[in-house]
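Please read the structure below before turning to the comments.
The values are calculated or read from the model by the stated rules, or taken from the named source; none is laboratory data. The structure presented is a predicted model; accordingly, all values stated were derived computationally and were not measured. Cβ sites come from the backbone with ideal geometry, for glycine too, and all protein chains shown count toward neighbours.
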Amino acid sequence: MASLHRTVYLVLRHTPFQESSLVISGMTPDLGRLNFIVKGARRTGKKRFPQIGLFRELGIEFRMPDDQNSLLTLSHIEPLRDFDRLALHTENYIAACDYARFLLANVKPMLPSGQTYAALITMLHALCGSERPEPWLTLAQLTFLNEAGLLPEPEGEREASLLNELLSAALGEKELPDLSEEYILKLSGWAKRLLRHHGLH
């Protein structure tokens, strides 16, 4: 029998399937991007409430199927936390959805993505408040590039120190440095150019 996997999972897309099921796509810190079919997930009742929604984090258990082309099936779901308050901030919600599409297109399945996952969680926490998408979106993008080994080496000690501070803030390890609007704009442009350079959209 295939081994049982236990991990945390953030839902980045869900699509209705047949009468009451969902196909969900999202990512984990240790297994990258994964897709599941969740049977009966859309059923509701007096004692049954939807657990799966966009930007909800779940504790999950599943086994790998013998047929690697088959959709995975969850054997256990435990709601951990949600970021439903994103819906109260239209600009932030749109930015989060755009980044979710980016991750689903570029995060590889079965490849550890712990830093990218942590930066996504940090970004969602920030965007659930009154903060604007920037610089959190750019910090998440830079973390993705860094974990993929696609960030160029800083040119000097000052640049290296600032980059480390920014990446630490993206991971929720340190407070965000005080950044000017001009610097945030330049940082965002630099990140976008790097993404285009590496064919990431």
Practice item. Name the one entry in S113, S161 that is in contact with a strand residue (DSSP E or B) (Cβ under 6 Å, 6 or more places away or on another chain) and not assigned by TED's automatic domain parsing to the domain that holds Y9. Key: S113
Exercise for review: Check whether at least one residue in segment 5-27 is within 22 Å of the chain's Cα centre (by Cα), at pLDDT 85 or above and assigned to a loop (DSSP other than H, G, I, E, B), and report yes or no.
Suggested key: no
Check your understanding: Listed residues E182, E175, E134; which is in a helix (DSSP H, G or I), among the acidic types (D, E) and on the phi < 0 side of the Ramachandran plot?
Key -> E182
Review point. Can you spot a residue in segment 145-152 that is surrounded by fewer than 14 Cβ atoms within 10 Å (Cβ to Cβ), modelled with pLDDT of 95 or more and closer than 24 Å to L54 by Cβ?
Key: no
Check your understanding: If you check L103 against the conditions, is it hydrophobic (A, V, I, L, M, F, W, C), surrounded by 15 or more Cβ atoms within 10 Å (Cβ to Cβ), assigned to a strand (DSSP E or B) and modelled with pLDDT of 90 or more?
Key -> no
Practice item. Determine whether segment 133-140 contains at least one residue that is of a type in the set (D, E, K, R) and within 14 Å of the chain's Cα centre (by Cα). Key: no
Practice item. Any residue in segment 153-165 that's free of Cβ contacts under 8 Å to residues at least 40 places away in the same chain and on the phi < 0 side of the Ramachandran plot: show its pairings with residues that are small (G, A, S) and surrounded by 12 or more Cβ atoms within 10 Å (Cβ to Cβ) at Cβ separation under 6 Å, as long as the two are six or more apart or on different chains. Key: P154/A160
